[in-house]
Amino acid sequence: MTILRPTALLPAMVALGLMGTPLLASAQAHHVSGWVQPYLGGPRGAPGHMMPPVLPGVTLTADQKTKLKAIFEKAHQDERALRLEGRAIEEKIHDALSSVGNLDRATLTDLNGQENELKAKVSALHLETMEQLHDLLTPAQRQQGKETMTKLKALHEQMKALMGHPPEGEPDDMP
């Protein structure tokens, strides 16, 4: 049985502290300032890869917040409709694959094409939403967001350099 060693645990705790502190401060600041909930899609898909619609440090006017909320509510409704359509196609694919008898490959090919078209529509919707966000921000706000993103990327690279890759081998072989 392997016992956790403080030398292995310490870098992980430091990294979590480095990541968590700015996120906590950012979350509290956004909560206080009437933060709009982030859009749950995005080009990378999964919620674990979400970026907030507006980076920390970019301050929106009341009018911008109202417009941003409307943009994301509409995008959410549109994406929800597309996802329901996607589920229906997935069910048809599942039914075709689980049917008794010969496999209808023509139907599967058609359903696969429909599924790919739907994915393209979702990607186009995400791009359209981000374009609307771009148009909503002033040039100064866009510059602020770009600077914040550059700093976040540099911090991420520093964290990767500090943590390195996990050692390979069996847990008992590790120092």
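What aspartates and glutamates sit close enough to K160 to cross-link, taking a C-alpha to C-alpha distance under 18 Å and skipping anything fewer than 8 places away on the same chain?
E168
If you place +1 on the Cβ of every Lys and Arg, -1 on the Cβ of every Asp and Glu, and leave all else neutral, what size is the dipole of segment 68-153 about its Cα centre, to the nearest 20 Debye?
Details: 13 positive and 15 negative charges, 108 e Å.
Dipole about the Cα centre, nearest 20: 520 debye.
Quick one: which residues, 5+ away or cross-chain, put their amide H under 5 Å from the amide H of G57? H built at 1.01 Å from N.
Those lying under 5 Å, H to H, from G57: there are none.
Along Cα→Cβ, 7 Å out, is where each label goes; now give me the distance between the ones at H156 and Q132 in nm to one decimal.
Placing both labels 7 Å beyond Cα along the Cβ direction yields 2.5 nm.
With a 1.4 Å probe and all protein chains kept in place, how do D110, D135 rank by accessible area, largest first? Don't skip to the answer; put the middle values down first.
Numbers: D110 85, D135 115 Å².
Result of the area sort, largest leading: D135, D110.
With unit charges on the beta carbons (Lys and Arg positive, Asp and Glu negative) and the dipole taken about the Cα centre of segment 73-175, which residue among L127, M159, S98 sits farthest to the positive side?
The listed residue farthest towards the positive side: L127.
Using a simple spin-label model with points 7 Å from Cα along the Cα→Cβ vector, what separation in nm is obtained for H94 and M163?
3.4 nm
Expressed as cubic angstrom per residue, what is the convex hull volume of the alpha carbon set of segment 66-162? List each step's numbers first, then the result.
Values: hull volume 14.1 nm³, N = 97.
Dividing the Cα hull volume of segment 66-162 by its residue count gives 145 Å³.
Would you kindly state how much longer the chain becomes between R83 and T109 on full extension, computed as 0.36 nm times their sequence separation minus their alpha carbon distance, in nm to one decimal?
Here the answer is 7.4 nm.
List the aspartates and glutamates whose alpha-carbon lies under 12 Å from that of K67, not counting same-chain residues fewer than 8 positions away?
Within the straight-line limit of under 12 Å, K67 reaches these aspartates and glutamates: D135.
The values are calculated or read from the model by the stated rules, or taken from the named source; none is laboratory data. The structure displayed is predicted, hence computed values, not measured ones. Note: ideal-geometry Cβ built from the backbone for every residue, glycine included; neighbour counts use all protein chains shown. Only protein heavy atoms, including side chains, enter the accessible area calculation; ligands, DNA and RNA are left aside. Shrake-Rupley method; radii C 1.70, N 1.55, O 1.52, S 1.80 Å.
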